[in-house]
1. Out of Asp139, Asp147, report the one residue that is exposed (fewer than 15 other Cβ atoms within 10 Å of the Cβ) and touching a Lys or Arg at 6+ places or on another chain (Cβ under 6 Å).
2. Answer yes or no as to whether Asp60 is within 28 Å of Trp117 (Cα to Cα) and loosely packed, with under 13 Cβ neighbours inside 10 Å.
3. If you take the residues of segment 57-114 that are under 30 Å from Leu193 (Cβ atoms) and without any contact (Cβ under 8 Å) to a residue 12 or more places away in the chain, which of them is nearest to the chain's Cα centre (by Cα)?
4. Would you check if Arg6 is at pLDDT 95 or above and either in a loop (DSSP other than H, G, I, E, B) or in contact with an Asp or Glu (Cβ under 7 Å, 6 or more places away or on another chain) (or both)?
5. List every residue pair whose Cβ atoms sit under 7 Å apart, with the two residues 6 or more apart in sequence or on different chains, where the first one lies in segment 176-200 and is in contact (Cβ under 8 Å) with a residue 12 or more places away in the chain and the second, anywhere, is of a type in the set (Gly, Ala, Ser) and surrounded by 17 or more Cβ atoms within 10 Å (Cβ to Cβ).
6. Identify all residues within segment 180-222 that are in a helix (DSSP H, G or I), modelled with pLDDT of 90 or more and within 17 Å of Phe163 (Cβ to Cβ); write none if there are none.
7. Identify the single condition in (1) in contact with a His (Cβ under 7 Å, 6 or more places away or on another chain); (2) at pLDDT 95 or above that Arg47 does not satisfy, given that it satisfies every other one.
8. Across segment 56-72, which residue is nearest to Ala130 (Cα to Cα) among those that are at pLDDT 95 or above, in contact with a helix residue (DSSP H, G or I) (Cβ under 9 Å, 6 or more places away or on another chain) and of a type outside the set (A, V, I, L, M)?
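The values are calculated or read from the model by the stated rules, or taken from the named source; none is laboratory data. Treat the numbers as computed from the prediction; the structure is a model and nothing was measured. Don't worry about glycine lacking a Cβ; one is built from the backbone with ideal geometry, like all the others, and counts go over all protein chains shown.
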Amino acid sequence: MKTRDRIVMEARRLYNRNGYGNVSSATLAYHLGISEGNLWYHFKAKRAILRAISEKFAQDIEKRLSRAPTGEADIVDEYTALLQAIIDELHEYRFLYRDQADYGEHDEIVQQGVRGWTERTHRQFQTYLAGFVAAGLLDWPKDRLADLAINVTIILRYGLEYFREMGDPIQEGGGAIRNTLLRHLTLFEYRLLPETVLRLRRFIDRMEVEREAMGKTIGKVLE
């Protein structure tokens, strides 16, 4: 792996684990086993590393936003596939969702893209929720689906930041992502068929456990 790619990967891992504001260039260089001079040869400033991470973040968001229910497959399976993409997003870019107070205006890519991504995420979830209604799995007025989709998006987008502000565990393995996903489900599970609720909750529990375990394994390999 090229040194530049190693820097980006390790920076993202450390930012996710320790918080963006708690990782200095010296700390990053130490974990990589390189000098600070070598680090700055590839990235002149911490902001440049942040930009490299955010470029990949933007690509992954676009990939996730391209998802849409087909109208032919099981809508529950399609929704869990969307949730899997969300889980991956929250894990891989945990600090971008959690530490906005630390990086703030330094991340131009996120700053410029967030409004459009959020609006498109509203529409994406509204489409999936409409699929639940059409399949007879969700009893929800169609004229209120937009409001439900907005609330779902707010919880998923700001869940990690909320846990941080409340002083709850937000590190890898702390359960914050699982709790965020379960919390979004509380918005509408009381209007879902019981078996549908069970399938969604089982999926969240299973995939979050698997994703947390995978993250810990990757972390040990990199260390």
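1. Working: Asp147 fails: touching a Lys or Arg at 6+ places or on another chain (Cβ under 6 Å).
Matching residue, one of Asp139, Asp147: Asp139.
2. On the way: within 28 Å of Trp117 (Cα to Cα): yes; loosely packed, with under 13 Cβ neighbours inside 10 Å: no.
So Asp60 fails the test.
3. Ser66
4. Numbers: at pLDDT 95 or above: yes; either in a loop (DSSP other than H, G, I, E, B) or in contact with an Asp or Glu (Cβ under 7 Å, 6 or more places away or on another chain) (or both): no.
Spelling it out, it is not the case that Arg6 is at pLDDT 95 or above and either in a loop (DSSP other than H, G, I, E, B) or in contact with an Asp or Glu (Cβ under 7 Å, 6 or more places away or on another chain) (or both).
5. Thr180/Gly159; Arg183/Gly159
6. Thr180, Leu181, Leu182, Arg183, His184, Leu185, Ile204
7. (2)
8. First, the residues of segment 56-72 that are at pLDDT 95 or above: 56-69.
Those still in the list that are in contact with a helix residue (DSSP H, G or I) (Cβ under 9 Å, 6 or more places away or on another chain) too: 56-58, 60-65, 67-69.
Next, only the ones that are of a type outside the set (A, V, I, L, M) stay: 56-57, 60, 62-64, 67, 69.
Details: Lys56: 30, Phe57: 28, Asp60: 24, Glu62: 21, Lys63: 21, Arg64: 18, Arg67: 15, Pro69: 10 Å.
Filtering segment 56-72 for residues that are at pLDDT 95 or above, in contact with a helix residue (DSSP H, G or I) (Cβ under 9 Å, 6 or more places away or on another chain) and of a type outside the set (A, V, I, L, M), the one nearest to Ala130 (Cα to Cα) comes out as Pro69.
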